[in-house]
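Taking it in order: structure first as structure tokens, then the write-up.
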Amino acid sequence: MTRFFLIALLIMASVTVSCVPYKDTLYLQNKNAATDSTQIIVEKQKPYRVQINDILNIRIKAAKQETVKIFNPIGEGDLNASSEERAYFDGFTVDLHGNILMPKLGEINVLGFTTDEIKQIIEKKLLETEYKAANDIFVTVKLTGLQYTVTGEVGSTGTKTIFKERVNIFEALANSGDIPDTGDKKDVLIIRQFPQGQKIFHLDLTDANVMKSPYYYIKPNDMIYVKPLKQKSWGTGTNAIQNIGAIATVLSLITTTILLLDRI
């Protein structure tokens, strides 16, 4: 009787310790207010400022389109190229000095500027060199997709590209297969490149206040790392049923071994 009691106690202790708590699997919990209250979250989003190695998509239109053909890439070199490859070859890459090189206009420093500010810079240069009136030209400047890298405990690791102006952390992770129950949603790392070097930021995705974080929206060339929970390294299941099954298998093996040894 004592033996069965000890076995039952062992099973209960293992289930309690090894299971992933339900609250650790939920996103956007209201941790600082009553559960029946309505919480208004204001998303914080600052305009992105261009960094080294970014690729800009710049298009110039004019009343006489033939006069601006030299500024616009033809994009017919390889019809089988992917959208990312076309963006790479047709776009204007920001060099190590923060400059892009455009036909006729020469080098333009864009480091630290927003796309709207770069648009204004290009328009000003065009008015100084080619055109007399602002209404004769139309300039668009965009990032050629938002590229980032995801690694760690996610459904699909690797470098991803989303063709949107802004992408939040949940969209980025959903595009990578999301975080399984064995991933640590409470401490997701954002590794971001700055002119002075890389910095690491921590996000708790189980807290609804994460939407107030200045790092809620990812930036081009961000690296997202999701750490595995300790339960994965222990080799246990993520819920009670899985753990009971694993323990039952181990106990069955131990019992069989003892019986075989008794017969020897």
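The values are calculated or read from the model by the stated rules, or taken from the named source; none is laboratory data. Just so you know, these numbers come straight off a predicted model, no measurement behind them. Heads up, the Cβs are rebuilt from the backbone with ideal geometry, glycines too, and the neighbour counts pull from every protein chain shown. The protein model used for the area step is the full one, side chains on, heavy atoms only, and it has no ligands, DNA or RNA in it. Shrake-Rupley method; radii C 1.70, N 1.55, O 1.52, S 1.80 Å.
Could you work out how far apart the two model spin labels at Asp204 and Ile70 are, taking each label as a point 7 Å from the Cα in the direction of the beta carbon, and quote it in nm?
The modelled label-to-label distance comes out at 5.8 nm.
Residue separation times 0.36 nm, minus the C-alpha to C-alpha distance between Phe170 and Arg59: what's the value?
36.9 nm
Please compute the modelled spin-label separation between Glu107 and Thr159, points set 7 Å along Cα→Cβ, answer in nm with one decimal.
2.5 nm
Can you send over the solvent-accessible area of Phe201, 1.4 Å probe, protein chains only, in Å² to the nearest 10?
30 Å²
Would you mind calculating the gained length between Glu128 and Ile191 on full extension (0.36 nm times residue separation, minus the Cα-Cα distance), in nm to one decimal?
Contour length minus Cα-Cα distance gives 18.6 nm.
Any idea of the accessible area per residue across region 94-160, 1.4 Å probe, to the nearest Å²?
With all protein chains present, region 94-160 gives 54 Å² per residue.
For Val167, which sequence-distant residues (separation of 5 or more, or a different chain) have an amide H within less than 5 Å of its own amide H, given hydrogens modelled in the peptide plane?
Placed amide hydrogens put Ile218 under 5 Å from Val167.
For a Förster distance of 45 Å, can you work out the FRET efficiency between the beta-carbons of Gln29 and Thr93, rounded to the nearest 0.05?
0.60
In whole Hz and in residue order, list the ³J(HN,Hα) couplings for region 46-60 that follow from phi through the Karplus curve 6.51 cos²θ - 1.76 cosθ + 1.60, θ = phi - 60°; x for Gly and Pro.
9, x, 6, 10, 4, 10, 4, 6, 5, 10, 9, 9, 10, 10, 10
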